[in-house]
1. In debye to the nearest 20, how big a dipole does the chain give about its Cα centre with +1 on each Lys and Arg Cβ and -1 on each Asp and Glu Cβ?
2. Count neighbours as other Cβ atoms within 10 Å of each site's Cβ, and list the trypsin sites (Lys or Arg not before Pro) in segment 23-122 that are DSSP loop with at most 11 such neighbours.
3. Students often forget the sequence filter, so: which aspartates and glutamates lie under 19 Å Cα-Cα from Lys76 once same-chain residues fewer than 8 apart are removed?
4. Using a 1.4 angstrom probe with every protein chain in place, what is the largest-first accessible-area order of Cys22, Cys102?
5. Suppose R0 equals 35 Å. What FRET efficiency, 1/(1 + (r/R0)^6) with r the Cβ-Cβ distance, do Glu44 and Lys76 give to the nearest 0.05?
6. Accessible surface of Glu108 in the full protein assembly, 1.4 angstrom probe, to the nearest 10 Å²?
7. Lysines near Lys87 by alpha-carbon distance under 27 Å, same-chain residues fewer than 8 away left out - which ones?
8. Would you list the P(r) distribution for the chain, with all Cα-Cα distances sorted into 10 Å bins from 0 and each bin expressed as a whole %?
Amino acid sequence: QLQLVESGGGLVQPGGSLRLSCAASGFTSDYYAIGWFRQAPGKERVGVSCISSSDGSTYYADSVKARFTISRDNAKNTVYLQMNSLKPEDTAVYYCAAGRLCTTTAGEYDYWGQGTQVTVSS
């Protein structure tokens, strides 16, 4: 019924670009804040970026600021994460999530996708 599906992950060389998509079904994504999180092997899940449902304000973790851009297409019920100048330390499973507010805390989100693998390697 309520579902988020990530896509666009893959293998890319350092310095390359990738665009992730988060498609929502069963609800309209513009009523929710959408966050992107990532989890590398042996590491905890951390917030990467989020976009507010109300005023469209955005947040970026310091590690990705100026390299990643979050956006939303309400007509397509989809949120995107454009990732440029990728580094090996960006390698992780990337998840999108929906909640009431744009926050950096995973526990504040109610709905989660299954994740998509991003690997940055030469």
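1. 220 debye
2. Lys43, Lys65
3. Those aspartates and glutamates meeting the cut-off are Glu6, Asp30, Asp55.
4. The most accessible residue leads, giving Cys102, Cys22.
5. 0.65
6. Approximately 110 Å² of Glu108 is accessible to the 1.4 Å probe.
7. Qualifying lysines at Cα under 27 Å: Lys43, Lys65.
8. 15, 51, 30, 5, 0
The values are calculated or read from the model by the stated rules, or taken from the named source; none is laboratory data. All values reported here derive from a predicted model rather than from experimental measurement. Every residue, glycine among them, receives a Cβ derived from its backbone with ideal geometry; neighbour counts consider all protein chains shown. Protein only, heavy atoms only, side chains kept; ligands, DNA and RNA dropped before computing areas. Shrake-Rupley method; radii C 1.70, N 1.55, O 1.52, S 1.80 Å.
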